[in-house]
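The values are calculated or read from the model by the stated rules, or taken from the named source; none is laboratory data. Here the structure is a predicted model, which means the values were calculated and not measured. Because the Cβ atoms are built from the backbone with ideal geometry, glycine has one as well, and the counts that use them run over all protein chains shown. Areas reflect the complete protein model, heavy atoms only, side chains present, ligands, DNA and RNA absent. Shrake-Rupley method; radii C 1.70, N 1.55, O 1.52, S 1.80 Å.
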Amino acid sequence: MTSFDAIVIGGGHNGLVAAATLGKSGRKVLVLEAAGEVGGAARTEEFAPGFRVSSAHLLNRLHPEVMKTLELERHGLSFGPIAPSVALSRDGNPLTLHGAYGETLTGTSASEQAAWQEFRAQLLRYAGILKPLLARRPPDLGNMSLMESSAFAMTGLSLRRLGKEDMRDFLRMLLMNVSDVADEHLADDRLKGLLAFDATLGSHLGPRSPTSLLGLYYRLAGEISGQPGAQALPAGGMGAVIAAILSAAKSAGVGVRTDAPAMKILIERGRAAGVVLDSGEEIRAKTVISAINPRSTFIDLVGTRELDTGFVRRIKNIRMKGNVAKLHLALDRPPEFSGVDATGHRGRLVIAPSSDHVERAFNPAKYGEFSPEPVMEITLPSLADTSLAPDGACVLSAVVQYAPYALKEGWETGKPKFLKAIMAQLELYAPGIGKLVRHAELLTPADIETRYRMPGGHWHHGELQADQMMMSRPAFGASGYDTPIDGLYLCGAGSHPGGGISGVPGLNAARRIIEMRG
Amino acid sequence: MPKLSSARLTAQSHFRTLRLGTPFQPRIDALMKTNDWYDWGGYRAPASLWDEELEYFAIRSQAALFDISPMVKYRIEGPDGEDFLNRVTLRDVAKLKSGRVHYTAWCDDEGYVLDDGTLFRLAPDRFRLCCQERHLPWLLDSAIGFDVSVLEETEAVAGLALQGPTSVAVLREAGFAGVERLKVFDLAEFPHEGGRVTISRTGFTGDLGYELFAPAELALSLWDRLWKAGELRGIRAIGYTALNRARLEAGLIVANADFVTAEHAIRPDRVRMPDEIGLGFMVDLEKGHFNGRRAIAQARAKGSMRHVLVGLEIEGNIPAEHAIVYHKQKKEVGLVSAAIWSPMAKRNIALASLSRPYGDTITDDLWVEIYAMRELRYERLMKRARIVPRPFIKLDRRTASPPADF
Ligand SMILES: Cc1cc2nc3c(=O)[nH]c(=O)nc-3n(C[C@H](O)[C@H](O)[C@H](O)COP(=O)(O)OP(=O)(O)OC[C@H]3O[C@@H](n4cnc5c(N)ncnc54)[C@H](O)[C@@H]3O)c2cc1C
C-alpha cells in the first residue's frame, strides 16, 4: 500500500494551491477530487453542445504570493486586459468604470466623477489596511500574549500610517453598511447600485444590512497585476487558471486522482491517519488537508464521535445558505446591451440600477423567496475566448442574486419562475436577447450544492460576515487552518480569509503545515 | 371576576407554587415536624424532618429513607447508547455491564467538569443517567451522529434512597425477593403493584444502602410498602443535613458545593478539570475520544492543572466549614468546601480545594483558620490540618456480600 506525506481532499483551486506548495517543499502529495475534473467552482464545463463556461467567471483576487510561489506565469497563466465594469441602465445610458475599479469613470457628470475619485481613493486606502489581515494567517488569541495580539492588530492594521482624521473615519466606517457610506459621497444611483451589488455579492446581506461595507473592502483587497480592485476575464477562461495551477502542482510531483470522493477521514488515537474513499479504498498519510467545506469535513468525514460537543455545535451553527444563482445562456450570437460599446461587452455588465433596487431584491430573500427583479453580474466569456462557443455563437454567464438556498416553495417549482424573472430583466437591458437563447442552464444554490459539493451552494463555503471572519472562520477551534484533530488541516474557502479565486487559504494552510512540520 | 381573566389566572398557577412537590410529597409533608425545607433543583425538599442528629444516626444504625426524586434523570436508549455515553462521559462504558451502575462525570470541550453522576445500565441498549444539573440540550447536541434517543425523565420517575445497616432487611421484609443477592453497584428490577421498580445497591452514604426508582404513579405505594416493612427495623425519613454528613464521611463530593460546575461558573478560574476535584481516576484516555479528552491530555502533559481536592483532618472538634487553608500559617493556599465533626470517625474532617503545588507536592505545615462564633464574638482559631485519604470512614457492611440481615 502506498502512503503519502499529505493527502488533500478536494481539487478546487485552493486544494491544488495547497498541494502544489506542499509538493514544492518536497512532500509526497496526493489530491483526491470527487468530480471527473479538478477546479471546483472554477472548472470549465460544457452546458450545451459546443458551449462551455465556468461558474466562477471573473478573476479579481488571485493573490500575487500565489502567483509567485507557484510561478503561475511560467505555467501559462496570463490575465488579459483589465476588464471594465458597466453599470447598465434601461435608458441606454450606462456608466462605465474603466481600469482598476474605476480609475476613470464615464457616463456621469464631472462633479460625480470628481466625487468618485476621492471616494475610490479612500475605499482603496482603507481596503489596503485590511489587506495584510486578509492575506496572512489570523492570530491565535489563545496562545498569544496581549502584547503580541495588540502588536499584531497595530502592525496588521497599519493604522499608524493613516493620519488622525483618516484613522477616525476608517474606524467609524468599518462596520457600516455600504448604502449609507455611498450616500455620504455619491449622487449617481447607477454607481451606488454597483457598489451595493459588489458589497453584497455572495452573501446574505442587503446593502442596508449593518457591516455590508466589509464585503466591498473584501473585494477591493484583491488585486490583479498589482492593481487593487482590478478584474480580468483570464485568457482561456477560468479553466486556464486551473490548468496553470494544476501544471504547477504536477511539476511539483503532486499526484491527482479524479472521480475519487473521500468518504471518511481516518482517525487513530485522535490523529488523522489517512482517507477512505467511497470505493472503500484506504489511503494513508501523515497529514490530511481538507480543501472542502468545513461542515462536510467535520460532520461527514471526521464524524461527531471524534469531536467535542461544543465544537460540533459551533460547526453546525456556521451560516452557509447561499443566495447566488448562476445562469448560463447559449446564444445564437452576441447580445447587445443598450448603450454599451465593444470593450464594455468584454467587461463586466451589472444590473443593479440603484442601492434601493438591490435592497428590494434582498428583502424577499429574508423570507425564503427569490427576488422578483433580481440583480446580476454578466460576462460574455466567449468574446475573449472563442473556444468557449461554436463559431459566431456566444456564451452568457451571469451571477444572479437573490436566490435563497432554502426557497420556501422549493426550487423544483421555483426555478422556472426565477428563470423567467431573470430573463425579463435581461430583456430590459438587452432587448431581443430572449430570441437568441438556444439553451439556458440555471443553477440554483441547491444545484450548485450538488454539482460542486458545496453545502448551501455558498460562494464562500460559509457566510463572510464579521462574526465568521478572521479567527472565527470557519469557527473557533478550527481557525488558522488547524483543527482539533492532530494532523488534520483545513485549506478551502471556508477558512480565512474566505472565498473567491484567490488561492490564499490554500497557500496559507500549506505554509502553516510546513511550519508545524506536518 | 370576568371569565377570561379567571381562566388566565388558573393557567398561571405555576408561579403560585415556586417549589414543586415530589411524588412522595404527601408522605413527607405528613412526617415533617421541623418545617425545615430547602430548594433542591426547584423542588421542596426537607433539610431535616424531625431531628437532624437523630436522622444522621438513622443512616448509621437503622434504615433511613431519603427522597431523591429531584435528582435529574435521563433515559438514554438506542443501539449507539454505549458509544454515545462513551463520547459524553469520562469512564469506559464498554466496561459497564448490563445490570451495573457506575459513578462517572462529564466535561465540556475545555475539559472542565459539567457534572458528576451515576450511570445505570438497565439493559444493553438502555441507560439512566442521574445527576444534579440539567443537561438536555448538551446531551441532545452530543447525540448528533449517534443512533440514540435522550429523554428527560426527572418528573416521570420517582426515586428513593434507603440507606443504613437494616436496609436490606427492610427490602426483604417488603417482599423484594432476592434483593440480598445484589452486590455493590448491581441493579435489578422487581415487580411492584403491576409495574416495576429498579433497585440498585448504591447510595451516597458510604453505608449499606439501596436506591429505588419507580414510575411516579407508583411512588406512594412504594413508600408505604417500605414504611410498613421497616416498622420493626427502625425506618426513618431523613432530610439533606443528615445525608450531607454521611456523604462527607464517605468522602463524596457534591456539585456546586465542593466544586463549581462549568456551566454555572461565572469567574473564569472557578471551573475544574476532573483531576482537580479528585475525579482524575475516571478519565480513560485509552477508550477513544470523549468530550474534553484533548484538553485534559494536554493539561496533564503540560502539568497545567492548578488545583487539587483533598481530604483534611483538622485538630480539635470545631468544624472548619468554609475556612481558609494556609501554609505555614501565612500563605493562603485554599478553601474548605465542607467540614464536620465526624461521629463515626471521631475526627474533625473536611474537604478542601488547594492551589497546587500545595496539596500536591507540598503537603506539610497546613493550617486552617476557623472563626468560632462564641456569644457574639468571633474567636479566631488556627488549627493544624493534615491531608488524609478519602473516604474518612470505611464500613465493611457497605460491600459485604451477602449483606448482614437484621
Ligand atoms: C455561482 C458562483 C459564482 C462564483 N463566481 C466567482 C467569480 O466570478 N470570481 C471569484 O473569484 N469567485 C467566484 N465564486 C466563488 C468561488 O467559486 C469559490 O469561492 C471558490 O471556488 C472556492 O474554492 P475552493 O477551492 O475553496 O473550493 P471549491 O471550488 O468549492 O472546490 C472544492 C472541490 O472539492 C471537491 N470535493 C467536495 N467534496 C469532496 C469529497 N468528499 N471528496 C473529494 N472531493 C470533494 C469538489 O468537487 C470541488 O472540486 C463563485 C461562486 C459561485 C457559487
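Could you tell me which of the residues A:Leu95, A:Leu130 is modelled with pLDDT of 95 or more and open to solvent by less than 40 Å² (accessible area, probe 1.4 Å)? Show your work before the answer.
Values: A:Leu130 fails: modelled with pLDDT of 95 or more.
Selected residue: A:Leu95, the only one of A:Leu95, A:Leu130 that is modelled with pLDDT of 95 or more and open to solvent by less than 40 Å² (accessible area, probe 1.4 Å).
State yes or no: is A:Leu70 within 22 Å of the chain's Cα centre (by Cα) and on the phi < 0 side of the Ramachandran plot?
Judged against the criteria, A:Leu70 is a match.
Residue under question is B:Val93, and the condition is that it be within 14 Å of chain A (Cβ to nearest Cβ), hydrophobic (A, V, I, L, M, F, W, C) and closer than 27 Å to B:Leu208 by Cβ; does it hold? Show your work before the answer.
On the way: within 14 Å of chain A (Cβ to nearest Cβ): yes; hydrophobic (A, V, I, L, M, F, W, C): yes; closer than 27 Å to B:Leu208 by Cβ: yes.
Yes.
Would you confirm whether any residue within segment A:272-280 is assigned to a strand (DSSP E or B), within 13 Å of the ligand (Cβ to nearest atom), more than 23 Å from A:Leu195 (Cα to Cα) and touching a Gly at 6+ places or on another chain (Cβ under 6 Å)? Even if it seems obvious, please write down each step before you answer.
Step one: filter segment A:272-280 for residues assigned to a strand (DSSP E or B), giving A:272-277.
Imposing the further condition that a residue be within 13 Å of the ligand (Cβ to nearest atom) reduces the set to A:275-277.
With the extra rule that they be more than 23 Å from A:Leu195 (Cα to Cα), the set shrinks to A:275-277.
Next, from what is left, pick out any that are touching a Gly at 6+ places or on another chain (Cβ under 6 Å): none.
The answer is no, given that none of the residues of segment A:272-280 is assigned to a strand (DSSP E or B), within 13 Å of the ligand (Cβ to nearest atom), more than 23 Å from A:Leu195 (Cα to Cα) and touching a Gly at 6+ places or on another chain (Cβ under 6 Å).
What is the one condition in (1) under 14 Å from the mean Cα position of the chain (by Cα); (2) at pLDDT 95 or above that A:Met238 does not satisfy?
Exception for A:Met238: condition (2).
Within the bounds of segment A:427-436, is there any residue that is open to solvent by 10 Å² or more (accessible area, probe 1.4 Å) and touching a Pro at 6+ places or on another chain (Cβ under 7 Å)?
Checked against the condition, which is being open to solvent by 10 Å² or more (accessible area, probe 1.4 Å) and touching a Pro at 6+ places or on another chain (Cβ under 7 Å), segment A:427-436 yields at least one hit.
Of the residues B:Asp80, B:Asp67, B:Asp51, which single one is under 25 Å from B:Gly164 (Cα atoms), in contact (Cβ under 8 Å) with a residue 40 or more places away in the chain and open to solvent by less than 60 Å² (accessible area, probe 1.4 Å)? Steps first, please.
Numbers: B:Asp80 fails: under 25 Å from B:Gly164 (Cα atoms); B:Asp51 fails: in contact (Cβ under 8 Å) with a residue 40 or more places away in the chain.
Going through B:Asp80, B:Asp67, B:Asp51 in turn, just one is under 25 Å from B:Gly164 (Cα atoms), in contact (Cβ under 8 Å) with a residue 40 or more places away in the chain and open to solvent by less than 60 Å² (accessible area, probe 1.4 Å): B:Asp67.
When you scan segment A:335-350, do you find a residue that is within 14 Å of chain B (Cβ to nearest Cβ), without any contact (Cβ under 8 Å) to a residue 60 or more places away in the chain and either part of a loop (DSSP other than H, G, I, E, B) or of a type in the set (A, V, I, L, M) (or both), even just one?
Residues of segment A:335-350 that are within 14 Å of chain B (Cβ to nearest Cβ), as a first pass: none.
Checking segment A:335-350: not a single residue is within 14 Å of chain B (Cβ to nearest Cβ), without any contact (Cβ under 8 Å) to a residue 60 or more places away in the chain and either part of a loop (DSSP other than H, G, I, E, B) or of a type in the set (A, V, I, L, M) (or both).
Looking at (1) open to solvent by 30 Å² or more (accessible area, probe 1.4 Å); (2) touching a residue at least 12 places away in the same chain (Cβ under 8 Å); (3) of a type in the set (Gly, Ala, Ser), can you tell me which one A:Ser382 breaks?
(1)
Would you please name the residue that is modelled with the highest pLDDT, looking only at residues in segment B:10-25 that are outside any loop (DSSP other than H, G, I, E, B) and open to solvent by less than 70 Å² (accessible area, probe 1.4 Å)? Write out each step before concluding.
Applying the first criterion (outside any loop (DSSP other than H, G, I, E, B)) to segment B:10-25 yields B:10-11, B:13-16, B:20, B:25.
With the extra rule that they be open to solvent by less than 70 Å² (accessible area, probe 1.4 Å), the set shrinks to B:13, B:25.
Values: B:Ser13: 72, B:Gln25: 97.
Taking the candidates together, the pick is B:Gln25.
Just checking, how many residues over segment A:58-80 are of a type outside the set (Ser, Thr, Tyr) and either part of a helix (DSSP H, G or I) or in contact with a Phe, Trp or Tyr (Cβ under 8 Å, 6 or more places away or on another chain) (or both)?
Pass one, segment A:58-80, residues of a type outside the set (Ser, Thr, Tyr): A:58-68, A:70-77, A:79-80.
Narrowing further to those that are either part of a helix (DSSP H, G or I) or in contact with a Phe, Trp or Tyr (Cβ under 8 Å, 6 or more places away or on another chain) (or both): A:59, A:64-68.
The qualifying residues number 6.
Hey, can you tell me all the residues within segment A:281-309 that are touching a strand residue (DSSP E or B) at 6+ places or on another chain (Cβ under 8 Å), away from chain B (no Cβ under 14 Å) and assigned to a loop (DSSP other than H, G, I, E, B)?
Passing the criteria: A:Ala291, A:Ile292.
Give the residues of segment B:97-121 that are in contact with an Asp or Glu (Cβ under 8 Å, 6 or more places away or on another chain) and open to solvent by 10 Å² or more (accessible area, probe 1.4 Å), sorted by residue number.
Result: B:Gly99, B:Arg100, B:Tyr103, B:Asp108, B:Asp109.
Among the residues of segment A:475-497, which ones are part of a loop (DSSP other than H, G, I, E, B) and over 20 Å from B:Asp108 (Cα atoms)? Before the answer, list the steps.
We begin by selecting, within segment A:475-497, every residue part of a loop (DSSP other than H, G, I, E, B); these are A:475-478, A:483-485, A:487, A:491-497.
Matches in segment A:475-497: A:Gly487, A:Cys491, A:Gly492, A:Ala493, A:Gly494, A:Ser495, A:His496, A:Pro497.
(1) acidic (Asp, Glu); (2) away from every other protein chain (no Cβ under 14 Å); (3) over 29 Å from A:Leu72 (Cβ atoms): which one isn't true of A:Asp259, the others all being true?
Of the numbered conditions (1) acidic (Asp, Glu); (2) away from every other protein chain (no Cβ under 14 Å); (3) over 29 Å from A:Leu72 (Cβ atoms), the odd one out for A:Asp259 is (3).
Which residue is farthest from B:Val260 (Cα to Cα), if the candidates are limited to segment B:278-319 and must be assigned to a strand (DSSP E or B) and open to solvent by less than 30 Å² (accessible area, probe 1.4 Å)? Full working, then the answer.
Restricting attention to segment B:278-319, the residues satisfying the condition of being assigned to a strand (DSSP E or B) are B:307-314.
Adding the requirement that they be open to solvent by less than 30 Å² (accessible area, probe 1.4 Å) leaves B:307-312, B:314.
Working: B:His307: 13, B:Val308: 14, B:Leu309: 13, B:Val310: 16, B:Gly311: 18, B:Leu312: 20, B:Ile314: 24 Å.
Among residues in segment B:278-319 that are assigned to a strand (DSSP E or B) and open to solvent by less than 30 Å² (accessible area, probe 1.4 Å), the one farthest from B:Val260 (Cα to Cα) is B:Ile314.
Considering only segment A:473-490, how many residues are out of contact with any Lys or Arg (no Cβ under 9 Å at 6 or more places or on another chain) and either within 15 Å of the ligand (Cβ to nearest atom) or away from chain B (no Cβ under 14 Å) (or both)?
Residues in segment A:473-490 being out of contact with any Lys or Arg (no Cβ under 9 Å at 6 or more places or on another chain) and either within 15 Å of the ligand (Cβ to nearest atom) or away from chain B (no Cβ under 14 Å) (or both): 2 in total.
For every residue, the table says whether it meets (1) farther than 30 Å from A:Ala182 by Cβ; (2) open to solvent by less than 10 Å² (accessible area, probe 1.4 Å); (3) in contact (Cβ under 8 Å) with a residue 60 or more places away in the chain.
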{"position": "A:Gly215", "(1), (2), (3)": "no, no, yes"}
{"position": "A:Ala232", "(1), (2), (3)": "no, yes, yes"}
{"position": "A:Ala235", "(1), (2), (3)": "yes, no, yes"}
{"position": "A:Ser247", "(1), (2), (3)": "yes, no, yes"}
{"position": "A:Pro261", "(1), (2), (3)": "yes, no, yes"}
{"position": "A:Leu277", "(1), (2), (3)": "yes, yes, yes"}
{"position": "A:Glu281", "(1), (2), (3)": "yes, no, no"}
{"position": "A:Ile299", "(1), (2), (3)": "yes, no, no"}
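Filter segment B:238-249 down to residues that are out of contact with any Phe, Trp or Tyr (no Cβ under 7 Å at 6 or more places or on another chain) and surrounded by fewer than 23 Cβ atoms within 10 Å (Cβ to Cβ) and give me whichever is nearest to B:Tyr43 (Cα to Cα). Steps first, please.
Let us first name the residues in segment B:238-249 that are out of contact with any Phe, Trp or Tyr (no Cβ under 7 Å at 6 or more places or on another chain), namely B:239, B:241, B:244, B:248.
Cutting the leftovers down to surrounded by fewer than 23 Cβ atoms within 10 Å (Cβ to Cβ) gives us B:241, B:244.
Details: B:Thr241: 16, B:Asn244: 17 Å.
Ranking the qualifying residues of segment B:238-249, first place goes to B:Thr241.
If a residue must be hydroxyl-bearing (Ser, Thr, Tyr) and either within 16 Å of the ligand (Cβ to nearest atom) or outside the structural domain of A:Asp482 (by TED's automatic domain parsing) (or both), how many such residues does segment A:291-333 contain? Walk me through how you get there before you give the answer.
Here is the first cut: in segment A:291-333, the residues hydroxyl-bearing (Ser, Thr, Tyr) are A:296-297, A:304, A:309.
In the following step, the residues that additionally are either within 16 Å of the ligand (Cβ to nearest atom) or outside the structural domain of A:Asp482 (by TED's automatic domain parsing) (or both) were identified as A:296-297.
Within segment A:291-333, residues that are hydroxyl-bearing (Ser, Thr, Tyr) and either within 16 Å of the ligand (Cβ to nearest atom) or outside the structural domain of A:Asp482 (by TED's automatic domain parsing) (or both) number 2.
Can you confirm whether A:Asp486 is in contact with a strand residue (DSSP E or B) (Cβ under 8 Å, 6 or more places away or on another chain) and surrounded by fewer than 24 Cβ atoms within 10 Å (Cβ to Cβ)? Write out each step before concluding.
On the way: in contact with a strand residue (DSSP E or B) (Cβ under 8 Å, 6 or more places away or on another chain): yes; surrounded by fewer than 24 Cβ atoms within 10 Å (Cβ to Cβ): yes.
So A:Asp486 passes the test.
Which of the residues that make up segment A:1-33 are assigned to a loop (DSSP other than H, G, I, E, B) and away from the ligand (no atom under 12 Å from the Cβ)? Full working, then the answer.
Kept after step one, since they are assigned to a loop (DSSP other than H, G, I, E, B), are these residues of segment A:1-33: A:1-2, A:10-11, A:25-28, A:33.
Of everything in segment A:1-33, those that are assigned to a loop (DSSP other than H, G, I, E, B) and away from the ligand (no atom under 12 Å from the Cβ) turn out to be A:Met1, A:Thr2, A:Ser25, A:Gly26, A:Arg27, A:Lys28.
Here are some conditions: (1) under 23 Å from the mean Cα position of the chain (by Cα); (2) touching a residue at least 60 places away in the same chain (Cβ under 8 Å); (3) more than 14 Å from chain B (Cβ to nearest Cβ); (4) open to solvent by less than 10 Å² (accessible area, probe 1.4 Å). A:Ile315 meets all but one. Which one does it not meet?
Checking A:Ile315 against (1) under 23 Å from the mean Cα position of the chain (by Cα); (2) touching a residue at least 60 places away in the same chain (Cβ under 8 Å); (3) more than 14 Å from chain B (Cβ to nearest Cβ); (4) open to solvent by less than 10 Å² (accessible area, probe 1.4 Å), the one that fails is (3).
Could you check segment A:34-48 and list, in sequence order, the residues that are within 13 Å of the ligand (Cβ to nearest atom), open to solvent by 20 Å² or more (accessible area, probe 1.4 Å) and either charged (D, E, K, R) or in contact with a Gly (Cβ under 6 Å, 6 or more places away or on another chain) (or both)?
Selection gives A:Glu37, A:Thr44, A:Glu45.
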